[in-house]
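Since the structure comes first, as structure tokens, the remarks are kept for the end.
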Amino acid sequence: MRLSSGILWPMPITLDVTPEFSDTLEQGGMLALRDQEGVLVATMEIEDIWEPDKIAEAEKVYGTAIEAHPAVHHLLHQTGKVYVGGKLRGVEPPTHYDFKLLRDSPSELRGRFRKLGWRKVVAFQTRNPMHRAHQEITFRAATMHEANLLIHPVVGMTKPGDVDHYTRVRCYEKILDRYPEQTTTLSLLNLAMRMGGPREAIWHALIRKNYGCTHFIVGRDHAGPGNKPDGTPFYEPYEAQELYKKHHDEMDITMVPFQQMVYVEDKAQYIPVNETTKEMKVANISGTEFRRRLREGLEIPEWFSYGEIIQELRKIYPPKHQQGFTIFFTGLSGSGKSTIANALLVKMLENGNRRVTILDGDVVRKHLSSELGFSKEHRDLNIKRIGYVAAEITKNGGVAICAPIAPYEKTRKHVRSMIEAEGGFVEIFVNTPLEECEKRDRKGLYALARAGKIKGFTGIDDPYETPQNPEMVIDTLDLSAELAAHRIFVKLERLGYIK
Ligand code: PPS
């Protein structure tokens, strides 16, 4: 909780490197800290090089070493094994090309407050789009303390799965109009959140103090990471407020604690949950429910959010028939994947509502993977490349039809997770038995494989792992390619992907 000088500082910020790199360093040496483009941001005079006990760090800082906690996961899997410490000298602040006018250094923001004559400023930390309840809390907080309001959202790393900051910032800009004029301002904070609950609340407040704020709002479950796998929370809902109270005297920034706000229908008003009575009809929409409604294009009531905010969010949660998706065929060589894929492509082009790209096995091997062979390593690489391109297409609202053999379940799963992060994924197992593929042997490859002239041929001397949970199985023995494509098309309509 403290620096060695005794100053309250609850969150270690460390420079982590790999052991190989640390071997090239020595105490007293200098390190150049650069951004991704190689611009020198700062130098470090190396004072310490050490191997931390990460489990101890996780337990002390986050109160847990369970990997379901995003910061614990990051600490254990994404940070280097060795830490380097020392005196930093700033050279040039990192450049940001987005929302330049909304980015302030601590001294710039303090200067702005001085210029405006804002003596008391309440800061509001957020990593989510703001709705009516947030407007209500922040407005009340400022009024209660006769202060101005700073909306100070984090635009660095937040919780995985959060709404991207571009969308959020457009929402924050819109909500500014919902406050009385001249009372509220917006500035972006480039911070990597840890979802560290109580300690993070103290950290957030100290940062806001440095930015010139006098008050800081701490609501329910501040910087909460969600629940543990057993369903219990990592931190109690008001634990952050408790820890803040404990250190309040040395913080020099006043906590404005808030209970969760709920909407009371008969009063047409938001009130803190601890002020509600049994008789009151309380309405609430959870984050999960809200996202479901956005995804499915369902109504979101006016009491929950403002029309202009919903409009902004609907852009990133388009209805299903505008969302991107990937159809991933898998099956033996000669099973009929390409034929069905092409029949499906034609059907979709005929329908005309979708932009489709086909990533057929042979075509990919010609244009993307021409240097690859058929070893396990090369096949995996080939499939991952297809997955990457399909994920990009899916992200941008297109349709990717992939038709490789993709013989290994683990790699297919990997591709599924890559693509599902961006949109829909429909795996279709083209289940043509080996005997049939061999009988057809259109390219004559099975004969060559049997004769030992091609080594490592799928189904002959290299395995094909049957898909465990495909969205569809196509049996080509009793279904023509055209009918198979028709069945898939109907399924896509039923899933809502085609209108
Ligand atoms: S993989 O395993 O998914 O990377 O394979 P893929 O990219 O789909 O390429 C399969 C096509 O390459 C031809 N071919 C082979 N297939 C399997 N095993 C071996 N050893 C092999 N050597 C060449 C074969 O024609 C496949 O085409 P399709 O269209 O599947 O019949």
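Derivation of every value follows stated rules applied to the coordinates shown; laboratory data play no part. In this text, all values refer to a predicted model and were calculated from it rather than measured experimentally. Note that each Cβ is placed from the backbone with ideal geometry, even for glycine, and that neighbours are counted across all protein chains shown.
For D104, the amide hydrogen comes within under 5 Å of the amide hydrogens of L188, counting only partners 5 or more places away or on other chains and with H modelled in the peptide plane. Given a cut-off of under 8 Å on Cα pairs at least six residues apart, what relative contact order in percent is computed for the chain? So the answer I get is 11 percent.
Using the Cβ-Cβ distance between K87 and E67 with R0 set to 41 Å, the FRET efficiency from 1/(1 + (r/R0)^6) comes to roughly 0.75. Taking label points 7 Å from Cα along the Cα-to-Cβ direction, R494 and E409 give a separation of 2.5 nm. Based on alpha carbons, the Rg and Dmax found for the chain are 28.0, 87 Å. Computed over all pairs of different Cα atoms, the Kirkwood value for the hydrodynamic radius of the stretch 201-339 is 19.4 Å.
FRET efficiency for F21 and L434, Cβ-Cβ distance as r, R0 = 45 Å, nearest 0.05?
In this case the efficiency is close to 0.35.
When the charge dipole of the chain is built from unit charges on Cβ atoms (+1 for Lys and Arg, -1 for Asp and Glu) and taken about the Cα centre, the candidate among L33, Q468, G352 whose Cα reaches farthest toward its positive end is G352.
Farthest toward the dipole's positive end in the chain, which of P94, P180, H69, given Cβ charges of +1 (Lys, Arg) and -1 (Asp, Glu) about the Cα centre? The Cα lying farthest towards the positive end belongs to P180.
Cross-link partners of K81 among lysines, defined as those whose alpha carbon lies under 26 angstrom from its own and excluding same-chain residues fewer than eight positions apart: K54, K60, K159, K228. The simple Förster model, with R0 at 22 Å and r as the Cβ-Cβ distance, assigns H486 and L349 a FRET efficiency of 0.90. With respect to the chain, whose longest principal axis is taken over its alpha-carbon atoms, helix 376-395 is tilted by about 60°.
Tell me, what is the percent relative contact order of the stretch 100-316, built from C-alpha pairs under 8 Å that lie six or more residues apart?
The normalised contact order for the stretch 100-316 reaches 21 percent.
Answer rounded, prolate or oblate for the stretch 172-283, using the Cα gyration tensor with square roots of eigenvalues a ≥ b ≥ c: rounded when a/c is under 1.5, else prolate when a/b is larger than b/c, else oblate. Verdict is oblate for the stretch 172-283.
Compared with the direct C-alpha span, the chain from T276 to E242 gains 10.0 nm at full extension, assuming 0.36 nm per residue. What is the extension gain from H96 to I454, computed as 0.36 nm multiplied by their sequence separation minus the C-alpha to C-alpha distance, in nm to one decimal? Here the answer is 123.6 nm. Counting only lysines at least 8 places from K267 when in the same chain, those with an alpha carbon closer than 19 Å to its own are K278, K281. Along the axis of the charge dipole computed for the chain (Cβ charges of +1 for Lys and Arg, -1 for Asp and Glu, origin at the Cα centre), the listed residues V84, G496, V273 are led at the positive end by G496. For the stretch 268-284, backbone nitrogen atoms closer than 16 Å to the point 7 Å from R178 Cα along Cα-to-C-beta are found at 268-272, 284.
Here the dipole of the chain is about 1100 debye; that uses its Cα centre as origin and unit charges on the Cβ of Lys and Arg (positive) and Asp and Glu (negative). Of the cross-linked pairs K320/K413; K115/K209; K366/K413; K347/K439, those separated by over 20 Å at the C-alpha level are K320/K413; K366/K413; K347/K439. Distance from the C-alpha centroid of the stretch 1-78 to that of the stretch 464-499: 49 Å, rounded to the whole angstrom.
For the chain, the longest principal axis of the Cα atoms and the long axis of helix 337-351 meet at an angle of about 60 degrees.
By the count of other C-beta atoms within 10 Å, a proxy for reagent exposure, F99, F429 are ordered fewest to most as F99, F429. Only Cα sites of the stretch 15-90 enter the Debye sum here, all with the same form factor; the resulting log10 I(q)/I(0) across q = 0.11, 0.15, 0.20 1/Å is -0.34, -0.61, -0.92, listed in q order.
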